[in-house]
Structure formats: C-alpha cells, structure tokens
Amino acid sequence: MSSTARTNTPAVIPSIHGIGVVCGLAAGVWLGAAEAPTKLVNSGLSPYAISLCMVAGVFTARWTIPTLLKGTRQVLADLSEHRHLIPIAILAGMLWAVANTLTVFAIRDVGLAIAFPLWNTNSLVGILWGRLLFGELKGASLTNIAKVVLGALAIVIAAIMLGFSTIHASGTHADRAFGGILAAIGASLLWGTMYIPYRKAYISGLNPLSFVTVFTVGELGTMVALVLALDGGTKAAVFHSGETKHLLFWLFLGGFVWVIGDLFQQFATKYLGIGRGIPLSNTNQMWGLAWGALVFGELAHADANHRLLVIAGSLVMICGALAVTTAVATEKERGSMREALVRECARYDLDYDRVVQASSGQSPAPTAERRAWWDYAILACGIGVFVWLGVDAQVPQLAMNFGWVGALAAILLASAGAGAWLLWKATKFS
C-alpha cells in the first residue's frame, strides 16, 4: 500500500499545480471584470454605499454558489469539524470589507488606472507572509525563488505600466490625490494580510466553499457597521433613495462576478500557496484594463506613448505570469510546507492523514445525501434577488461598446468553464 502511495505522489503534485495555475488565471479574468461596476462611483452614491451594495451581492453569491455545488449539509459538516477557523474566516471578511471600501475611495480620488496597480502590490505582501508563517519558498531552489519573486515583481511593474497608460483618462482630482493613494496602499496591506486566514484555513483542510460562507458574514456585518457609523446611519441614502434603485442590480452583479473570481483565487491559494496563487490572480489588472479600454473607451484619445505602455505592460505581465506558472514546488519546499501542516494539526488536534488528503484535493468522496429543502429555498432566494433588482435595472449612462462586452463575457464564461471542469474532474471541488 505504501509503495503504491509513493508511486502515485509524483503524478499528483504536478496535476494539483496545474489546477492551481488554471484557477489563478481564471481568477484574474473574473476579478478584472468585477471592477467595471465601480465606475458607478460617479453616479452620486457614496463609496460606503457602493461597497455595501457590492458586498450584499457578494453575500448573496457566497451562499448560493456553495449551496449549488455542495449543499448546506456538507458545508455545515465541514465547518463543524473546523470550528476553530470560523472566527478567523469572519476576521478575513472584515479585512476584505474595509479594503474594498478603501478601493472605492481610491478610484474616486485618483482613478481606477492609478489605484488598481497600487493595491495589487498585495501580492508582494502575501509572498512575505507566506514565507514567514507557512514555509512557502523555504527550501525552494534558487530558480523557483527567482521565478516567484521576480514574476510577482514583473506583474506589479506591469500593473503600474498599464495604470499609467490610462492616467489621462482616469479623471484624477489633484486636491484628493494623496488621500486616494493612501487608500489604495491601505487596501494593498489589508488584502495582503487577509491571505493569512486563507492559507491557515486550507492548510487545516477546510474546503474553500465552506470558508467563504463564513467569510461573507464578516464582510456584510462590517459594511453595515461602516455605513451606520460613517455614512449617515439609518438615514443613509442607500437605504432610502429610490433614485439609486436602478443601479443596485449592477452593483450586485459586480459583487457576484467578484465572488466567482474570488472562489478561483481561493482554490489557487489552496493548491499553490499565497506566493504563487495571488500573483497569478493579480493579472486581473490586464483584464481590468481590457474592460476599461475596449468597453468604456479609456484609451480612445491616448497617444502613441500610452498605447506603447499598454503593449509593453501586457507583455511584461504575461512574462511574469509565465514565470510564476512554471515555478513548480520541489520536494524540499513541499517538506517545509508539510512542517507547517504538522504544527497546525498539533495545535488544533487535527487528523494529519485526513488534512493531507484535503489539502492535496484527494479527500474521500462525500456520501451522497439528498439536498435539504432549505437548499432549494436558498437558491430560489438568490435568484429572486437578482430578478427583483433586474426589473428596475437601467443601463448606466456610460458610453459602452456592447460588442466588446459580448466578447469579454464569452472569455469570462470560457475561463469559468475550464476552471470548474478541472476542479470537478480532479477534486470534486474539495
């Protein structure tokens, strides 16, 4: 038996690495698209209101998608086995909510083109935490260290290049620029730190679909608290203004799209670690620019130098992503990460063999259970919310190229299909 396990191990690791890479790249596609609705910041809604509406869409998606894929009984059983991770997941959601609000302020004050690359430096923060806390890159070959670190740096540099390519179209406000830059940097630090709970959860064997259902409680609770404390309390316009109801569908939709990207990011973090998974998902800058330039015409009046920055930045980002993609962990590095796993199991009295299986996507297949009636109720409520909001939805008064909307939407669906198929085929979404 042990001989068979040793024989199979080399084949499993590259497979899991490949799945993590696909998930990381798919996350970039979806997270980039999710930023487009934040352009509604110019509609008069406050940054707090926009963030709350997006988080409400996130909350709806974070409960319906796991229910659709796993069912609440399996999710609750997973959480019951990992009770110690519930407060950690809520804390991660709180960090995300504050960071997301800061990004809306940053977009308002310095524009998406400048804010986006600044907060995407979270990948470098994540690499630091991954190395210090979870043994990532410890024992790695110099080649792999160079691929991961230089690849992540290349993605950040490319994001800055792409940001400057649209700097004249971003509508920055000089009097508020400093505050906007600080907001973007603050978001970067919070999001980089948020990946600690991600990795801690998955090194303990918790399923990403279970993690996000608790994560969203922290998100929504924090955003409601921020609106009540800083945006007018119960009299806030978001609770009373009928003039903004037609915008809610698009903000909810933005939150829903973000959840798809985040789920892929969660699986990438699980199977690749923070240092590899987050830089790959941060290729969202390139896709965010695609939506900005092709759909919203942000480069319509750009000169040759700005267009050259787009081409060069895109090439640098692709090279950085390729470098991270090919940095397959060696046995020595995997040994360092197993040491972190042993410490986690000892700290919380977890079954080591079971956690190893879960962290490698080889968990035993769950017993077939009929879905509970409330699973269907949750799905119906999620769909009902979008139908209810969609009835009053109006296309925002923004110039858009609907041909490119269709093309980029097709890429979204293709990337989601490829990632979901691989996850189901190899791990049954474990």
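The values are calculated or read from the model by the stated rules, or taken from the named source; none is laboratory data. Please read all numbers here as calculations on a predicted model, not as lab measurements. Positions of Cβ are generated from backbone atoms using ideal geometry, with glycine treated the same way; all protein chains shown enter the neighbour counts. Ligands, DNA and RNA are stripped out before the accessible areas are found, and what is left, the full protein with its side chains, is counted by its heavy atoms. Shrake-Rupley method; radii C 1.70, N 1.55, O 1.52, S 1.80 Å.
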### Task
Under 6 Å between Cβ atoms, at least 6 apart or on separate chains: pull out the pairs that start in the range 272-300 with a residue that is part of a helix (DSSP H, G or I) and end on any residue that is basic (Lys, Arg).
ILE274/ARG199
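Restricting attention to the range 317-333, which residues are open to solvent by less than 50 Å² (accessible area, probe 1.4 Å) and either without any contact (Cβ under 8 Å) to a residue 24 or more places away in the chain or in a helix (DSSP H, G or I) (or both)? Break it down stepwise before answering.
From the range 317-333, those open to solvent by less than 50 Å² (accessible area, probe 1.4 Å) are 317, 320-321, 323-325, 327, 329-330, 333; that's our starting set.
Answer for the range 317-333, where residues must be open to solvent by less than 50 Å² (accessible area, probe 1.4 Å) and either without any contact (Cβ under 8 Å) to a residue 24 or more places away in the chain or in a helix (DSSP H, G or I) (or both): MET317, GLY320, ALA321, ALA323, VAL324, THR325, GLU333.
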### In the range 113-138, residue nearest to MET337 (Cα to Cα) [restricted to those that are of a type in the set (A, V, I, L, M) and under 17 Å from the mean Cα position of the chain (by Cα)]
ILE127
### Query
GLU339 is checked against (1) under 30 Å from VAL257 (Cα atoms); (2) in a helix (DSSP H, G or I); (3) touching a residue at least 24 places away in the same chain (Cβ under 8 Å); (4) open to solvent by 40 Å² or more (accessible area, probe 1.4 Å) and fails just one. What number does that condition carry?
(1)
### Yes/no for GLU369 being modelled with pLDDT under 90, loosely packed, with under 15 Cβ neighbours inside 10 Å and not in a loop (DSSP other than H, G, I, E, B)
no
### In the range 130-167, residue modelled with the highest pLDDT [restricted to those that are within 17 Å of ASN284 (Cα to Cα) and open to solvent by 40 Å² or more (accessible area, probe 1.4 Å)]
LEU153
### Task
Mind listing whichever residues of the range 382-430 are open to solvent by 40 Å² or more (accessible area, probe 1.4 Å), assigned to a helix (DSSP H, G or I), over 27 Å from GLY288 (Cα atoms) and of a type outside the set (A, V, I, L, M)?
TRP388, TRP424, LYS425
### Query
Can ALA229 be described as free of Cβ contacts under 8 Å to residues at least 60 places away in the same chain and in a helix (DSSP H, G or I)?
yes
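Yes/no per residue for (1) outside any helix (DSSP H, G or I); (2) at pLDDT 85 or above; (3) farther than 20 Å from VAL355 by Cα:
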residue: SER15; (1), (2), (3): no, no, no
residue: GLY18; (1), (2), (3): no, yes, yes
residue: GLY28; (1), (2), (3): no, yes, yes
residue: ASP78; (1), (2), (3): no, yes, no
### Query
Based on what the data block shows, is PHE239 assigned to a helix (DSSP H, G or I) and without any contact (Cβ under 8 Å) to a residue 60 or more places away in the chain?
yes
### Task
Go through (1) farther than 30 Å from LEU52 by Cβ; (2) of a type in the set (Gly, Ala, Ser); (3) open to solvent by 20 Å² or more (accessible area, probe 1.4 Å) and name the single condition GLY313 misses.
(3)
